[in-house]
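Everything on this sheet refers to the single structure shown next.
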Amino acid sequence: FPYTQADANWWVNEGAKCGIIKAIEVDGLCVGCIGAIPGEFEYSRSGEIGYWLSQQYWGQGIITQAIELITKEVFESTNLNRIHAAVFAGNVGSMSALL
């Protein structure tokens, strides 16, 4: 939310094929996704981190742990030296996870 079917189509056909993308799994179920996508040109050493998590798993520290794991992997396995994220206004949980 607030993603549309068109957003989902873009993710499946294009977005999930860029950078490092990982499923977030809890008890054998895919409950979310996290990824870091490198920028272009003068931003080629920067990556944007993005994620989503099924609402029933919010507030359990899952995204915070996923951010820590993917950040570690990005810095160890790529030439990126900066990661940034954008958060929708009012998404306090996501803001807290990024601190």
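Taking the numbered list (1) touching a Pro at 6+ places or on another chain (Cβ under 8 Å); (2) of a type in the set (Gly, Ala, Ser); (3) under 17 Å from residue 95 (Cα atoms) in turn, residue 59 passes all entries but (1).
Scanning region 1-15 for residues that are hydrophobic (A, V, I, L, M, F, W, C) and loosely packed, with under 13 Cβ neighbours inside 10 Å, which turns out nearest to residue 79 (Cα to Cα)?
Restricting attention to region 1-15, the residues satisfying the condition of being hydrophobic (A, V, I, L, M, F, W, C) are 1, 6, 8, 10-12.
Those left that are additionally loosely packed, with under 13 Cβ neighbours inside 10 Å: 1, 6, 8, 12.
On the way: 1: 32, 6: 31, 8: 29, 12: 25 Å.
Going through the qualifying residues, I end up with 12.
Scanning region 18-36 for residues that are among the small types (Gly, Ala, Ser) and touching a residue at least 12 places away in the same chain (Cβ under 8 Å) yields 19, 32, 35, 36.
Only one of the listed residues (21, 34) is closer than 11 Å to residue 74 by Cβ, assigned to a strand (DSSP E or B) and among the β-branched types (Val, Ile, Thr). That residue is 34.
Would you call residue 86 among the aliphatic types (A, V, I, L, M), without any contact (Cβ under 8 Å) to a residue 60 or more places away in the chain and loosely packed, with under 12 Cβ neighbours inside 10 Å? If you could, list the steps in order and put the result at the bottom.
Values: among the aliphatic types (A, V, I, L, M): yes; without any contact (Cβ under 8 Å) to a residue 60 or more places away in the chain: yes; loosely packed, with under 12 Cβ neighbours inside 10 Å: yes.
So residue 86 passes the test.
Does region 1-17 include one or more residues that are touching a residue at least 60 places away in the same chain (Cβ under 8 Å) and either among the small types (Gly, Ala, Ser) or outside any strand (DSSP E or B) (or both)? Within region 1-17, one or more residues are touching a residue at least 60 places away in the same chain (Cβ under 8 Å) and either among the small types (Gly, Ala, Ser) or outside any strand (DSSP E or B) (or both). State all residues of region 22-72 that are of a type in the set (D, E, K, R), under 15 Å from residue 98 (Cβ atoms) and either touching a Gly at 6+ places or on another chain (Cβ under 6 Å) or surrounded by 14 or more Cβ atoms within 10 Å (Cβ to Cβ) (or both); if no residue qualifies, say none. If the condition is that a residue be of a type in the set (D, E, K, R), under 15 Å from residue 98 (Cβ atoms) and either touching a Gly at 6+ places or on another chain (Cβ under 6 Å) or surrounded by 14 or more Cβ atoms within 10 Å (Cβ to Cβ) (or both), then 48 is the only one that fits.
Among the small types (Gly, Ala, Ser) and part of a strand (DSSP E or B), is that true of residue 59? Steps first, answer last, please.
Working: among the small types (Gly, Ala, Ser): yes; part of a strand (DSSP E or B): no.
Considered against the rule, which asks whether it is among the small types (Gly, Ala, Ser) and part of a strand (DSSP E or B), residue 59 comes out as no.
Read-outs: derived from the displayed coordinates by stated rules, not from any lab. Predicted model only: the values in this text are computed from it and were never measured. Positions of Cβ are generated from backbone atoms using ideal geometry, with glycine treated the same way; all protein chains shown enter the neighbour counts.
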